[in-house]
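Q: Take a look at the following structure, please.
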Amino acid sequence: MGLKENLHQTKLKFQGKKMAPAFNAIHTFLYSPNETTHSGGHVRAVDDLKRTMNTVILALVPCLLFGIFNAGYQHYSAVNGFPADFSIMEHFITWDNFWLGAITVLPLVIVSYGVGLAIEFVFAVIKGHEVEEGYLVTGMLVPLIVPVDTPLWMLAIAVAFGVVIGKEVFGGTGMNILNPALTIRAFLFFAYPTWMSGDKVWVHEGVERAGTADAISGETILGYLAQNKGAEFSYSLSDMFFGFIPGSVGETSAFLILLGGLFLIFTKIASWRIMVSAVAGALAMGLIFNGVVAAEWIPEYSKFYGLMEFEFWKHLIVGGLAFGIVYMATDPVTGSQTNKGKWIYGFLIGFISVMIRVFNPGYPEGVFLAILLMNVFAPTIDHYVVRGNVRKRMKRLKNATILPKPSEGQAEELKVETA
Amino acid sequence: MAILSKKDANLILDPLADNNPITIQVLGICSALAITAELKASLVMAVSVIFVMGVGNVVISLLRNVIPSKIRIIAQLIVVATLVIVVDQVLKAFAYELSKTLSVFVGLIITNCIIMGRFEAFALGNGVWRSFLDGIGNALGYGVILVIIGFFRELLGSGTLFGIPVLGDPIAKTGLYSIGYENNGFMIIPPAALIVVGIIIWVQRSRNRALIEEA
């Protein structure tokens, strides 16, 4: 009797009992269930929720692996100095980097999944419905958007908060207004700001060593710019693009995020409209700021100067903007549903992200706030898009009621007009 | 409750549970958000509102046959404003430090929806004794929620209760702080109060399902 059969038998034993959803979940997580529908017409398709979630997780794996290596690389570079002639194989993909990264990053992943799934199971048992797959992606996103040294108990509290208040109270997967992963990030940011921002938290042991002779600093690029110290960091353009910079675990490599984004577009899991329009929005806001600097409307000692001067397209390759656009703005539950709505929704996410980045030095990264804000507005945008469509059709209907005789030739004209 | 008949007792007990002004009627939310970061402020606010509502309901009930209905809102406002000024002056005289942090919000008791709501809904149509009980009951219901929110926000946000550290010293790293615990800055900011109110509403309604509104 194989594992599958075993699971099936256990499941049958618990059928109708209180704990049934928990056993069902384990079974369906590993195998497709034995039951088949016998009557009625039904759609056969492989792209169920589980498949969708797994595709997103697949797209996140490169970011996670890169994050593991980067955690080690940033730590050793901060301690021993950056290697002069950097080569990926020699300095980046090493066992030391991997080992250090693994022991700092994997606990985050384990806590995120452990706490989140435990809460999902408890709620499923209490409410008597099946365990939902919704947490699978959230659980992977969470460790990627926090600093490496986030204390695990903080993460656990934040995950509990995000899953319960961000999702379960609204009715679980598919009913939530706010993206749960970003709710968790926002909670961490406001609850424990010293652990979520500043120049100490982005590199492993940065906080522990602060104030001692071995102090290390790992200021992010946005952090430098916000303090008008743009000239002080030594990261090259390719460092920024490929991600050899300090930052939250999985957000640094714009290159891998780009690949992940293409993968999601290719598999039709995420909306390309949101990604494209969000990039356009970020570039537009960046261009406006660059224009303000070029027109010399703000003096150089202004505290916004450093970030405003930053070339507009570089906003896309530093900080969490790219990660947010590809993996979180495209969340099908909390984003806009209509195609026109997606353009507006995405554009405003990019636009507001860069605006918050520049205007609020207290929040060096605005993308999570921008996405949460637009999550709230998404239903409103959809409402007006649908209303606009209804009105357009009503107008068409009104204009088309009096049909002239075909002999007059106007019917053809009308057809062209209303097409 | 031998002193009060069952009907009268319900005037006090109902607002404490199944007809709570904050969690059921969703009134007085503004002050529940604004001043509950500290337990002390919550408590003073609760006591102030109990005073204003108790006396205000009595005054309005006494005047209920005299006030022309066209200008009753203004008349009610004058009564509340007078009482609020009394509270404010008392605070300034006896708790000056507290009055500095609370003064804006004490002034805002005037706009507390619960007060005008009870004047309109109860005191204008009922006798003095019953109005008094209703006022006290509703203010108590309001105060209880305020104190609960204040308790959690101060405990989790600052690690203190009434300003006394109960979880240890965050700077010297004693008590809970020695094992890495940190205060939750989120509880200090007003949105946290909304979430605490939400959780109270959630708990209350899942204990008594009759309270759940129909969607």
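Q: Using a ≥ b ≥ c from the Cα gyration tensor of chain A (square roots of the eigenvalues), is it rounded, prolate or oblate, where a/c under 1.5 gives rounded and otherwise the larger of a/b and b/c decides, a/b for prolate?
A: Oblate, because a/c is 1.5 or more while a/b does not exceed b/c.
Q: Determine, from the Cβ-Cβ distance of B:N208 and B:C30 and an R0 of 25 Å, the FRET efficiency 1/(1 + (r/R0)^6), rounded to the nearest 0.05.
A: With R0 = 25 Å, the Cβ-Cβ based efficiency is 0.45.
Q: OK, next. Cα to Cα, under 14 Å, and not fewer than 8 places away if on the same chain: which aspartates and glutamates meet these conditions relative to A:K50?
A: Excluding near neighbours in sequence, the set is A:E130, A:E132, A:E133.
Q: Then there is this: How large is the charge dipole for chain A, taken about the Cα centre, if only the Cβ atoms of Lys, Arg (+1) and Asp, Glu (-1) carry charge, to the nearest 20 debye?
A: Dipole about the Cα centre, nearest 20: 2100 debye.
Q: Take B:R64, A:R51 and order them by how many other Cβ atoms sit within 10 Å, fewest up front.
A: A:R51, B:R64
Q: Mind ranking B:188-199, A:263-274 by how tightly packed they are, going by the mean number of other C-beta atoms within 10 angstrom, highest first?
A: For the peptides B:188-199, A:263-274, the packing ranking is A:263-274, B:188-199.
Q: When you look at the Cβ of every residue in B:143-155, what mean number of other chain Cβ atoms sits within 10 Å?
A: 0
Q: Arrange the following residues from fewest to most other Cβ atoms within 10 Å of their Cβ: A:V354, A:V122.
A: With the fewest neighbours first, A:V354, A:V122 line up as A:V122, A:V354.
Q: Could I ask something else about it? Whole-Hz Karplus ³J(HN,Hα) for segment A:368-384, in order, using 6.51 cos²θ - 1.76 cosθ + 1.60 and θ = phi - 60°, x for Gly and Pro?
A: Per residue, the Karplus-derived 3J(HN,Hα) values read 5, 5, 4, 5, 4, 4, 6, 4, 5, 7, 3, x, 5, 4, 4, 4, 6 Hz.
Q: Could I ask something else about it? On a straight-distance basis, which lysines could pair with B:K6 in a cross-link, Cα separation under 27 angstrom, same-chain partners fewer than 8 positions away excluded?
A: Leaving aside lysines fewer than 8 places away in the same chain, none come within reach of B:K6.
Q: Further, regarding this structure: Quick one: among A:P180, A:P83, A:P143, which has the greatest mean-square fluctuation in a GNM of chain A with alpha-carbon springs under 10 angstrom?
A: Maximum fluctuation in the GNM of chain A, among the listed residues, is at A:P83.
Q: Can you work out ³J(HN,Hα) from phi for every residue in segment B:45-56, in order, using Karplus 6.51 cos²θ - 1.76 cosθ + 1.60 and θ = phi - 60°, giving whole Hz and x for Gly and Pro?
A: Per residue, the Karplus-derived 3J(HN,Hα) values read 4, 4, 5, 4, 5, 4, 4, 4, 6, x, 5, x Hz.
Q: Compare the peptides B:136-143, A:172-179, A:290-297 by average per-residue count of other Cβ atoms within 10 angstrom and give them in order, highest first.
A: By packing density, highest mean first, the sequence is B:136-143, A:172-179, A:290-297.
Q: Mind listing the phi-derived Karplus ³J(HN,Hα) values for segment A:13-27, rounded to whole Hz, using 6.51, -1.76 and 1.60 with θ = phi - 60°, and x for any glycine or proline?
A: Those phi angles translate into 4, 8, 4, x, 8, 5, 7, 3, x, 4, 6, 4, 4, 4, 5 Hz.
Q: Reachable lysines from B:K100, Cα under 19 Å, same-chain residues fewer than 8 places away excluded?
A: Cross-link targets: B:K40, B:K92.
Q: Taking 0.36 nm per intervening residue step and subtracting the Cα-Cα distance, what contour gain separates A:Q337 from A:L397 on full extension?
A: Net length gain for the segment: 19.1 nm.
Q: Using a Förster distance of 51 Å, how high is the FRET efficiency between A:A102 and B:V47, based on the Cβ-Cβ distance and rounded to 0.05?
A: Between A:A102 and B:V47 the formula returns 0.35.
Q: Does a label point 7 Å from the Cα of A:L259, set along Cα-to-beta-carbon, have any residues of segment A:53-76 with amide nitrogen under 12 Å, and which are they?
A: Label zone hits: A:59-67.
Q: Could I ask something else about it? Using a simple spin-label model with points 7 Å from Cα along the Cα→Cβ vector, what separation in nm is obtained for B:K100 and B:A17?
A: Result: 4.3 nm between the two label points.
Q: By how many nm would the segment from A:Y384 to A:I110 lengthen if fully extended, with 0.36 nm per residue of separation less the alpha-carbon distance?
A: Value of the extension gain: 94.5 nm.
Q: Given axes a ≥ b ≥ c from the Cα gyration tensor, I'd like to know whether segment B:27-207 is rounded (a/c under 1.5), prolate (a/b larger than b/c) or oblate.
A: Cα axes put segment B:27-207 in the prolate bin.
Q: Okay, next question. Under a 5 Å amide H to amide H cut-off, with H placed in plane at 1.01 Å, what residues pair with B:L161 once short-range neighbours are removed?
A: B:V166
Q: What does the extension gain come out to for A:I298 and A:E311, with contour length at 0.36 nm per residue minus their alpha carbon separation?
A: Stretched out fully, the A:I298 to A:E311 stretch lengthens by 3.1 nm.
Just so you know, all these numbers are worked out from the coordinates, no wet-lab data involved. As the structure is a computational prediction, the values presented were derived from the model and not from experiment. Cβ coordinates were reconstructed from backbone atoms using ideal geometry, including for glycine residues, and neighbour counts include every protein chain displayed.
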